[in-house]
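Heads up: the structure comes next, in structure tokens.
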Amino acid sequence: MQGLKRTHYCGDVSEIGKEVTVGGFVQKIRNMGTLIFIDLRDRTGIVQLAFDTETEKEIFEKASLCHSEYVLMAKGVVRERESKNSAIKTGNIEIFVTDLRVLAKA
């Protein structure tokens, strides 16, 4: 993929404030109108991707069209989650997405 290369596996993202690029399968998507959350899964675990009113319109629309098992590459900044999930390793953080690529549709 031109210009976007994975820097971290989903289960290894942890450093708040760092820009990362991850890739994987859509495990779950939650579209709440002005907020979209995508759980992205690879062989190491799951990380939450976040999209909100500060997300570029084109990227937000692309995220809203995603479905389960789509293959994505996402670039963004790691931030602390407001609502923590102790059930997963990356449950304290999320990635605020600045670039999103759909590699394959399910």
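Determine which single condition Ala63 fails, assuming it passes every other condition in (1) of a type outside the set (Asp, Glu); (2) more than 18 Å from Ala104 (Cβ to Cβ); (3) assigned to a helix (DSSP H, G or I); (4) under 10 Å from the mean Cα position of the chain (by Cα).
(2)
If you check Ala104 against the conditions, is it touching a residue at least 24 places away in the same chain (Cβ under 8 Å) and surrounded by fewer than 18 Cβ atoms within 10 Å (Cβ to Cβ)? Give the steps one after another, and end with the answer.
Values: touching a residue at least 24 places away in the same chain (Cβ under 8 Å): yes; surrounded by fewer than 18 Cβ atoms within 10 Å (Cβ to Cβ): yes.
So Ala104 passes the test.
Looking at region 59-73, I want the residues that are acidic (Asp, Glu) and have a partner that is loosely packed, with under 13 Cβ neighbours inside 10 Å with Cβ atoms under 8 Å, at least 6 apart or on another chain. Which pairs are those?
From region 59-73, the pairs are Glu69/Ala106.
In this structure, does Arg101 turn out to be charged (D, E, K, R), touching a helix residue (DSSP H, G or I) at 6+ places or on another chain (Cβ under 8 Å), farther than 20 Å from Gly17 by Cα and part of a strand (DSSP E or B)?
Working: charged (D, E, K, R): yes; touching a helix residue (DSSP H, G or I) at 6+ places or on another chain (Cβ under 8 Å): no; farther than 20 Å from Gly17 by Cα: yes; part of a strand (DSSP E or B): yes.
So Arg101 fails the test.
Given the conditions (1) touching a residue at least 24 places away in the same chain (Cβ under 8 Å); (2) out of contact with any helix residue (DSSP H, G or I) (no Cβ under 7 Å at 6 or more places or on another chain); (3) buried (at least 16 other Cβ atoms within 10 Å of the Cβ), which single one is not true for Glu15?
All conditions are met except number (3).
Filter region 53-101 for residues that are in contact with a Cys (Cβ under 9 Å, 6 or more places away or on another chain) and at pLDDT 95 or above; which is surrounded by the fewest Cβ atoms within 10 Å (Cβ to Cβ)?
Once the filter is applied, the top-ranked residue is Leu72.
I'm trying to understand the selection: among the residues of region 39-79, which are out of contact with any strand residue (DSSP E or B) (no Cβ under 6 Å at 6 or more places or on another chain) and within 20 Å of Glu15 (Cβ to Cβ)?
If the condition is that a residue be out of contact with any strand residue (DSSP E or B) (no Cβ under 6 Å at 6 or more places or on another chain) and within 20 Å of Glu15 (Cβ to Cβ), then Thr44, Gly45 are the ones that fit.
The values are calculated or read from the model by the stated rules, or taken from the named source; none is laboratory data. Keep in mind the model is a prediction, meaning the values are calculated, not measured. Neighbour counts are summed over all protein chains in view; Cβ atoms, including those assigned to glycine, are modelled from backbone coordinates with ideal geometry.
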